[in-house]
1. What is the residue count in the stretch 137-153 for residues that are under 15 Å from LYS103 (Cβ atoms) and either of a type in the set (A, V, I, L, M, F, W, C) or in contact (Cβ under 8 Å) with a residue 60 or more places away in the chain (or both)?
2. Give all pairs with beta carbons closer than 9 Å in which a residue from the stretch 33-58 that is under 21 Å from LYS89 (Cα atoms) meets a residue that is among the acidic types (Asp, Glu); count only pairs at least 6 apart in sequence or on separate chains.
3. For the stretch 132-151, does any single residue satisfy the condition of being of a type outside the set (Gly, Ala, Ser) and closer than 17 Å to PRO22 by Cα?
4. Take LEU97 and tell me if it is under 12 Å from the mean Cα position of the chain (by Cα), within 30 Å of LYS59 (Cβ to Cβ) and buried (at least 16 other Cβ atoms within 10 Å of the Cβ).
Amino acid sequence: MSDQEFYTFSEYMRKEQETLSPSAEDYMEMIYRLSKDQGFTRVNDLAGALNVQPPSVTKMIQKLSEMKLIKYEKYGVIIMEQEGKALGKALLYRHNLIEEFLKLLNIKEGLLTETEKIEHTINDETLLGIKALVEFFHDNPNVMNNWSQYRGINHID
């Protein structure tokens, strides 16, 4: 796919290798969040956190289990495999980084929604650029203050 040719959004989103769907990424991120303290989570906890029905959770965790990202036995607990933990940690990091970037832009309305939309479409190069910018602002408080003052005075309508 050339950078000089235009395609539909869905064509841009097609990947050569098999990747997780945005929904599966959300499940992995939430499983990681919920199991950080105890080392496991349960179907009902995951369903509540993602605002979905338990049968939907069961269907997805069966797929994730087949991919060897989690361990799950019917009516049991959900435990992340090592690869699943690494993936969950990376997904949570990506989420938090994008959220922090949007906060730097002073985005308040729909922060979670915007974060979710961006995190499933962003490529690695763009994410690294955002990471560098966020770190730059944190490492340079005077620049951050100037930016905050600028944003307070010059609203984009």
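1. Looking only at that region, the number is 3.
2. Close Cβ pairs satisfying both conditions: LEU34/ASP45; LEU50/ASP26.
3. Initial filter on the stretch 132-151 (of a type outside the set (Gly, Ala, Ser)): 133-147, 149-151.
From what is left, the residues that are closer than 17 Å to PRO22 by Cα are none.
So far as the stretch 132-151 goes, no, none of its residues is of a type outside the set (Gly, Ala, Ser) and closer than 17 Å to PRO22 by Cα.
4. Numbers: under 12 Å from the mean Cα position of the chain (by Cα): yes; within 30 Å of LYS59 (Cβ to Cβ): yes; buried (at least 16 other Cβ atoms within 10 Å of the Cβ): yes.
So LEU97 passes the test.
For every residue, the table says whether it meets (1) at pLDDT below 95; (2) more than 30 Å from SER148 (Cα to Cα); (3) within 16 Å of the chain's Cα centre (by Cα); (4) surrounded by 12 or more Cβ atoms within 10 Å (Cβ to Cβ).
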residue	(1), (2), (3), (4)
THR41	no, yes, no, yes
ASP45	no, yes, no, yes
GLN53	no, yes, no, no
VAL57	no, yes, no, yes
TYR72	yes, yes, no, yes
ILE79	no, yes, no, yes
ILE107	yes, no, no, yes
LYS117	yes, no, yes, yes
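The values are calculated or read from the model by the stated rules, or taken from the named source; none is laboratory data. In this text the structure is predicted, and so the values were computed from the model without any measurement. For neighbour counting, all protein chains shown are included, and Cβ atoms are generated from backbone atoms with ideal geometry for every residue, glycine included.
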